[in-house]
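I have placed the structure first, in the form of structure tokens, so that the comments after it can refer back to it.
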Amino acid sequence: MDEVVVSGQRETIENKIDRIVYNAEQDVANMGGDASDVLRRAPLLSVDQDGNVSLRGNSNVQILINGKPSSMFGANTGDALKMIPSDQIKSVEVITSPSAKYDGEGTAGIINIITKKQTPQGFAGNVDLTAGTRINRPVVGINAGKGRLGFNANGSSFYSWPQYATTDFYQKTVVDGQTNIREQNGENLSNRLGYFGNMGAFYDFNAFHSLSTSLRLRGFNSNSEGSNTVSQNLGGNETSFQRFQDNFSQNWGYEWSLDYVMKFPNQEGREFSASYKIDGNVSTDGDGRCWKRNKRKRTRC
């Protein structure tokens, strides 16, 4: 009898006992985006314009990466999701009934982002570039493997074009025959820059014992500057002043982990794992300045 090869492909969405699995790598619509775009396409999840994630309308969720909590989601979830390219995400698990294995931080459920683990025999690399009118994103990846040993590294960044905004406000009130007028005109210019890097290595001693390590670096910078002119006429008494603002903030962090996994023969799904992890976040606020200036003097806001 000749050899018969049966091949197939996973469904985009899989329903399991305690979770729904969205196989993001099977959805070509995710190419060129980031993690927030992937979560928007996952069942039961919604992501607003600021990147806040909710499950069935409840925002009290815990986000994991490869089954482990990450400090990168501590400061700003929206900015953290933009740092992860969609091309690095294998699947998203929406766990609606968490077991005792998970911490009780997310009462609404748990979102587990599974990243790709590529193990080529040899050397492979990829370069992707996404350009647009709002956000630009380059992605670079390298993978190498031989036998039971593998190494991978990838990096990405996103840059938003400077966004210009104007503000116009006019208010007129009449109280007991007295007319009060207040006008405000202003403009603001802001831009953002983020970056994300990941390096990992693993070694499979045999089919049941494996050791892996990974290092992640991330960062996010934002800058905005603007001015506002305020004019007031209160019962014939005219005053005016200008307000200037210049704000800069920088956030970056790191994560390093070492994992050991032992699987039990003839017992599918049962395993023993040990993990060690260190991480940290650094937040820096620049010299944010704000002051008012009129014809006579200049004061701090």
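Pull up the stretch 38-52, narrow it to residues that are small (Gly, Ala, Ser) and buried (at least 17 other Cβ atoms within 10 Å of the Cβ), then point me to the one that is nearest to residue 80 (Cα to Cα). Here the answer is 51.
Evaluate the stretch 200-221: report whether one residue or more is in the same structural domain as residue 151 (by TED's automatic domain parsing), β-branched (Val, Ile, Thr) and at pLDDT 90 or above. Break it down stepwise before answering.
Going through the stretch 200-221, the residues in the same structural domain as residue 151 (by TED's automatic domain parsing) turn out to be 200-221.
Then keep just the ones that are β-branched (Val, Ile, Thr); that gives 213.
Restricting the remaining residues to those that are at pLDDT 90 or above gives 213.
Within the stretch 200-221 (the criterion being in the same structural domain as residue 151 (by TED's automatic domain parsing), β-branched (Val, Ile, Thr) and at pLDDT 90 or above), the answer is yes, since at least one residue qualifies.
Being at pLDDT 80 or above, part of a loop (DSSP other than H, G, I, E, B) and touching a helix residue (DSSP H, G or I) at 6+ places or on another chain (Cβ under 7 Å), is that true of even one residue in the stretch 92-104? No, the conditions are met nowhere in the stretch 92-104. Count of the stretch 143-177 residues, restricted to those that are assigned to a strand (DSSP E or B), at pLDDT below 85 and surrounded by fewer than 16 Cβ atoms within 10 Å (Cβ to Cβ), is 2.
Does residue 109 qualify as being on the phi > 0 side of the Ramachandran plot and either modelled with pLDDT under 80 or surrounded by 12 or more Cβ atoms within 10 Å (Cβ to Cβ) (or both)? Spelling it out, residue 109 is indeed on the phi > 0 side of the Ramachandran plot and either modelled with pLDDT under 80 or surrounded by 12 or more Cβ atoms within 10 Å (Cβ to Cβ) (or both).
Among the residues of the stretch 193-222, the ones that are touching a Ser or Thr at 6+ places or on another chain (Cβ under 8 Å) and without any contact (Cβ under 8 Å) to a residue 40 or more places away in the chain come to 3 in all.
If the condition is being closer than 21 Å to residue 194 by Cβ and either among the hydroxyl-bearing types (Ser, Thr, Tyr) or free of Cβ contacts under 8 Å to residues at least 12 places away in the same chain (or both), then the stretch 48-83 contributes 48, 49, 70, 71, 73, 77. Residues considered: 236, 197, 280. Of these, the only one that is under 20 Å from the mean Cα position of the chain (by Cα) and more than 29 Å from residue 146 (Cβ to Cβ) is 280.
The residue pairs whose first member lies in the stretch 231-246 and is free of Cβ contacts under 8 Å to residues at least 24 places away in the same chain, whose second member is part of a strand (DSSP E or B), and whose beta carbons are closer than 8 Å, counting only pairs six or more residues apart or on different chains, are 238/231; 238/232.
The values are calculated or read from the model by the stated rules, or taken from the named source; none is laboratory data. Quick caveat, the model's predicted, so the values are computed rather than measured. With ideal geometry, Cβ positions are generated from the backbone for all residues, glycine too; neighbour counts draw on all protein chains shown.
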